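Undergrad: Please find one structure pasted underneath; my questions will follow.
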Amino acid sequence: MPKTTKGGKPRKEELPGTIQRSPAKAQRTYAKAHDSAVETYGEGERAHRVAYSALKHTHQKVGDHWEEKGHKGPSDERAANPRARENKGRSAGGVDVKGSSKKELMDRARSLGVRGRSKMTKQELGEAIARKQD
């Protein structure tokens with residue numbers, strides 16, 4: 001089902017919950033990428049993966065919604081890997097590991113009560129933050 005109206009605006013009732021609670025730009029990015037992917041690949045999981053991938057290049061997941069990143073680009077090693085569909089690389093569930101400093105991730109992990117954070121790598125911090133946010 002199309003995620004945008006004929007006028008190009010996102011259909012909020014068709015969007016996943018985390019995106020419904022996100023800013024309008026995140027909703028437009030997801031909806032337009034999804035509709036384009038449906039035209040190319042057909043309705044299904046692949047269209048949703050493409051839409052989330054497009055969203056993760058401009059936004060990061062914070063709590064129960066998505067916020068714009070200060071830069072564009074992949075958020076984690078899996079998003080940067082062209083073979084991600086083959087389960088190559090690790091995902092941080094929308095947390096911007098590549099664009100955040102380790103200190104920023106540590107502060108965020110501390111505020112969420114992540115235990116053992118002092119011994120974690122950036123990727124591990126991102127994964128732990130993603131688990132706590134869900």
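Each reported figure results from applying straightforward, stated rules to the coordinates on display, with no laboratory input. Remember, predicted model here, so these are calculated numbers, not experimental data. Every residue, glycine as well, gets a Cβ built from its backbone with ideal geometry; the counts of neighbours run over all protein chains shown.
Undergrad: Once the other residues with Cβ under 12 Å from the Cβ of VAL114 are scored (Lys, Arg +1; Asp, Glu -1), what is the net sum? Display every interim value, and only then the final one.
TA: Values: positive: ARG108, ARG110, ARG115, ARG117, LYS119, ARG131, LYS132; negative: ASP107, GLU124, GLU127.
Net local charge, VAL114 excluded: +4.
Undergrad: Check cross-link reach from LYS122 to the lysines: straight Cα distance under 25 Å, and skip same-chain residues fewer than eight apart.
TA: Once the sequence-local lysines are set aside, what remains near LYS122 is LYS56, LYS61, LYS69, LYS72, LYS88, LYS98, LYS102, LYS103, LYS132.
Undergrad: Given Cα pairs under 8 Å that are at least 6 residues apart, what percent is the relative contact order of region 1-73?
TA: Values: 97 pairs, mean separation 21.2, N = 73.
After rounding, I find 29 percent.
Undergrad: Out of residues 5 or more away from TRP66 or on other chains, whose amide H comes under 5 Å of its own, with H placed 1.01 Å from N in the peptide plane?
TA: Under 5 Å from the amide H of TRP66 lie the amide H atoms of SER22, each far enough along the sequence or on another chain.
Undergrad: Still on this structure, please answer the following. Which of the peptides 103-111, 52-60 is most tightly packed, and how do the rest follow, judged by the mean count of other Cβ atoms within 10 Å per residue? Before the final figure, lay out each step's value.
TA: Values: 103-111: 15.4, 52-60: 20.7.
Highest to lowest by the protection proxy: 52-60, 103-111.
Undergrad: Would you compute the Debye intensity of the chain from its alpha-carbon atoms alone, equal scatterers and no solvent, and pass along log10 I(q)/I(0) at q = 0.13, 0.14 Å⁻¹ to two decimals?
TA: -0.55, -0.63
Undergrad: Which value at 222 nm does the chain reach when only helices count, each DSSP H run of 4 or more adding -39,500 (n - 2.57), with the total divided by all residues and rounded to the nearest 500 deg cm²/dmol?
TA: Numbers: 6 runs with 63 residues, N = 134.
It comes out at -14000 deg cm²/dmol, rounded to the nearest 500.
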